[in-house]
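Notes for the one structure printed next.
The values are calculated or read from the model by the stated rules, or taken from the named source; none is laboratory data. What you see is a predicted model; the values in this text were computed from it and never measured. In this analysis, Cβ positions are derived from the backbone assuming ideal geometry, glycine residues included, and neighbour counts consider all displayed protein chains. What goes into the accessible areas is simple: the full protein's heavy atoms, side chains included, and nothing from ligands, DNA or RNA. Shrake-Rupley method; radii C 1.70, N 1.55, O 1.52, S 1.80 Å.
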Number of protein chains: 2
Amino acid sequence: MAVSVFVGGSVDGYLAREDDALDFLPPGSGEPHGYAEFWASVDALVIGRRTYETVLGFAEWPYGTKRVVVLSATPLARAAPPAARIEHMAGAPADIVARLHASGAAHLYIDGGLTIQGFLRAGCVDRLTVTRVPVLIGRGIPLFGSLDGDLLLEHVATQAYPSGLVKSEYRVLPNPKGARG
Amino acid sequence: MAVSVFVGGSVDGYLAREDDALDFLPPGSGEPHGYAEFWASVDALVIGRRTYETVLGFAEWPYGTKRVVVLSATPLARAAPPAARIEHMAGAPADIVARLHASGAAHLYIDGGLTIQGFLRAGCVDRLTVTRVPVLIGRGIPLFGSLDGDLLLEHVATQAYPSGLVKSEYRVLPNPKGARG
């Protein structure tokens with residue numbers, strides 16, 4: 001069982017500009033950097049309502065028939081396309097992880113700025129992959145948010161790609177008691 | 001001639017905690033990661049008044065007999081130790097770079113949070129080396145600051161070290177006219 005975050009952003013740590021624009025990312029994500037293999041290994045994607053509504057505005061539903069869990073304290077106002085496999089859940093990250101694991105999902109993929117931050121803060125992420133695009137944009141929506149204490153990481157692997165992408169994979173270590181913060 | 005920044009921080013982009021503490025860094029910078037070689041190649045270190053005064057509080061002057069330029073709009077209130085090689089300058093980053101190059105310094109090392117941000121914003125940095133320590137600390141003093149436009153980088157090399165440090169070197173490309181920002 002694993003709970004993964006797989007994010008990309010600028011070298012100065014932004015996943016998007018302040019207006020959500022992603023124009024600083026290379027077209028088509030630059031080049032293959034393991035995302036397809038990662039995606040194929042995922043049993044369920046967990047996103048928040050904001051990401052869900054953004055994605056509903058796309059010309060095409062991007063998640064195929066992958067199981068998608070939308071976290072929202074309120075009912076989802078907008079319906080997903082017929083082929084989409086959507087579930088609505090609400091609750092704390094640890095509860096969501098437990099319910100999904102109980103339902104047979106061995107590998108969860110947590111995505112969306114606030115959802116990622118909430119799962120990290122709750123200590124519910126095992127694996128963190130960060131890909132840096134070679135640019136400084138100076139301001140934007142940060143990749144990471146505040147925490148209640150340090151999260152120690154263990155470096156697993158780093159790979160640099162010809163286009164300048166640098167991808168680092170980490171394991172998130174269990175939060176030690178008495179961590180500062 | 002080159003103007004370099006060589007910084008380290010957490011994976012979530014902080015060079016220190018909010019109270020300047022560096023306790024999240026591994027003892028002794030973790031392991032050799034090229035800093036000594038970099039330092040040996042530097043002709044002059046450029047720091048701000050705040051870094052200068054912090055360093056004066058150390059038990060020992062850390063810069064040996066390396067030429068150190070302290071930027072300050074006002075005279076330096078505190079004197080450096082006798083062996084230190086200190087110059088006081090004031091001015092815009094481009095002027096400082098021009099004066100130092102004219103004085104024979106071919107390789108400048110810009111250090112200190114606000115000084116780095118000012119030189120990056122002014123487009124006066126050629127080489128950027130960022131070393132990431134495997135931890136998320138959630139809040140602190142950011143490695144990078146706001147910019148007037150994007151700074152495009154060219155990836156030169158990335159190296160991962162056994163302790164989990166990941167060092168990436170970039171060239172800073174000339175700022176294109178009409179850059180967004």
Next on the checklist: Taking the criterion of being closer than 20 Å to B:Trp39 by Cα and among the small types (Gly, Ala, Ser), would at least one residue in the range B:69-79 satisfy it?
Outcome noted: no
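I'd like the residue in the range A:33-59 that is assigned to a loop (DSSP other than H, G, I, E, B) and more than 14 Å from chain B (Cβ to nearest Cβ) and, out of all such residues, is farthest from A:Ile96 (Cα to Cα).
Looking at the filtered set, the residue picked out is A:Ala59.
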Checklist entry - Which members of the range B:17-32 meet the condition of being within 13 Å of another protein chain (Cβ to nearest Cβ) and either open to solvent by less than 20 Å² (accessible area, probe 1.4 Å) or touching a residue at least 12 places away in the same chain (Cβ under 8 Å) (or both)? => result B:Arg17, B:Glu18, B:Phe24, B:Leu25, B:Pro26, B:Gly30, B:Glu31
Checklist entry - Of the residues that make up the range B:37-51, is at least one more than 30 Å from A:Leu15 (Cα to Cα), in contact with a strand residue (DSSP E or B) (Cβ under 7 Å, 6 or more places away or on another chain), modelled with pLDDT under 95 and not small (Gly, Ala, Ser)? => result yes
Checklist outcome for this item: When the range B:137-159 is checked residue by residue, the ones that are assigned to a strand (DSSP E or B) and either modelled with pLDDT of 95 or more or of a type in the set (D, E, K, R) (or both) are B:Leu151, B:Leu152, B:Leu153, B:Glu154, B:His155, B:Val156, B:Ala157, B:Thr158, B:Gln159
Checklist entry - Which of the residues that make up the range A:1-14 are within 12 Å of chain B (Cβ to nearest Cβ) and open to solvent by 30 Å² or more (accessible area, probe 1.4 Å)? => result A:Tyr14
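Within the bounds of the range A:153-165, is there any residue that is over 21 Å from B:Phe144 (Cα atoms), polar (S, T, N, Q) and more than 7 Å from chain B (Cβ to nearest Cβ)?
First, pick out the residues of the range A:153-165 that are over 21 Å from B:Phe144 (Cα atoms): A:153-163.
Cutting the leftovers down to polar (S, T, N, Q) gives us A:158-159, A:163.
Narrowing the set further to residues that are more than 7 Å from chain B (Cβ to nearest Cβ) leaves A:159, A:163.
Yes: the range A:153-165 contains one or more residues that are over 21 Å from B:Phe144 (Cα atoms), polar (S, T, N, Q) and more than 7 Å from chain B (Cβ to nearest Cβ).
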Checklist entry - For A:Glu169, are the conditions met, namely being within 19 Å of A:Gly13 (Cα to Cα), open to solvent by 10 Å² or more (accessible area, probe 1.4 Å), at pLDDT 95 or above and not in a loop (DSSP other than H, G, I, E, B)? => result yes
Item to check | Selection from the range A:17-36 of residues that are of a type in the set (D, E, K, R) and either modelled with pLDDT of 85 or more or within 20 Å of A:Val55 (Cβ to Cβ) (or both) | outcome: A:Arg17, A:Glu18, A:Asp19, A:Asp20, A:Asp23
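Select from the range B:107-136 the residues that are assigned to a loop (DSSP other than H, G, I, E, B) and either at pLDDT below 95 or within 14 Å of chain A (Cβ to nearest Cβ) (or both) and list them in ascending order. Steps first, answer last, please.
If we filter the range B:107-136 for residues that are assigned to a loop (DSSP other than H, G, I, E, B), which is where we start, we get B:111-112, B:122-126, B:134.
Residues satisfying the conditions are B:Gly112, B:Ala122, B:Gly123, B:Cys124, B:Val125, B:Asp126, B:Pro134.
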Next on the checklist: Taking the conditions exactly as written (more than 15 Å from A:Phe6 (Cα to Cα), among the polar types (S, T, N, Q), touching a strand residue (DSSP E or B) at 6+ places or on another chain (Cβ under 7 Å) and assigned to a loop (DSSP other than H, G, I, E, B)), does A:Thr74 satisfy them or not?
Outcome noted: no
Next on the checklist: Condition first: open to solvent by 80 Å² or more (accessible area, probe 1.4 Å) and within 18 Å of the chain's Cα centre (by Cα). Now tell me which residues in the range B:96-109 satisfy that.
Outcome noted: none
Checklist entry - Taking the range A:123-152 only, how many residues are crowded, with 18+ Cβ neighbours inside 10 Å and of a type in the set (Asp, Glu)? => result 2
Item to check | Test for B:Ile141: is it β-branched (Val, Ile, Thr), closer than 25 Å to A:Val5 by Cβ and within 14 Å of chain A (Cβ to nearest Cβ) | outcome: yes
Checklist entry - Do any residues in the range B:96-107 that are closer than 20 Å to B:Ala40 by Cα have Cβ atoms under 6 Å from those of residues that are modelled with pLDDT under 95 and open to solvent by 50 Å² or more (accessible area, probe 1.4 Å), where the two are at least six apart or on different chains, and which pairs are they? => result B:His101/B:Met1; B:Ala106/B:Met1
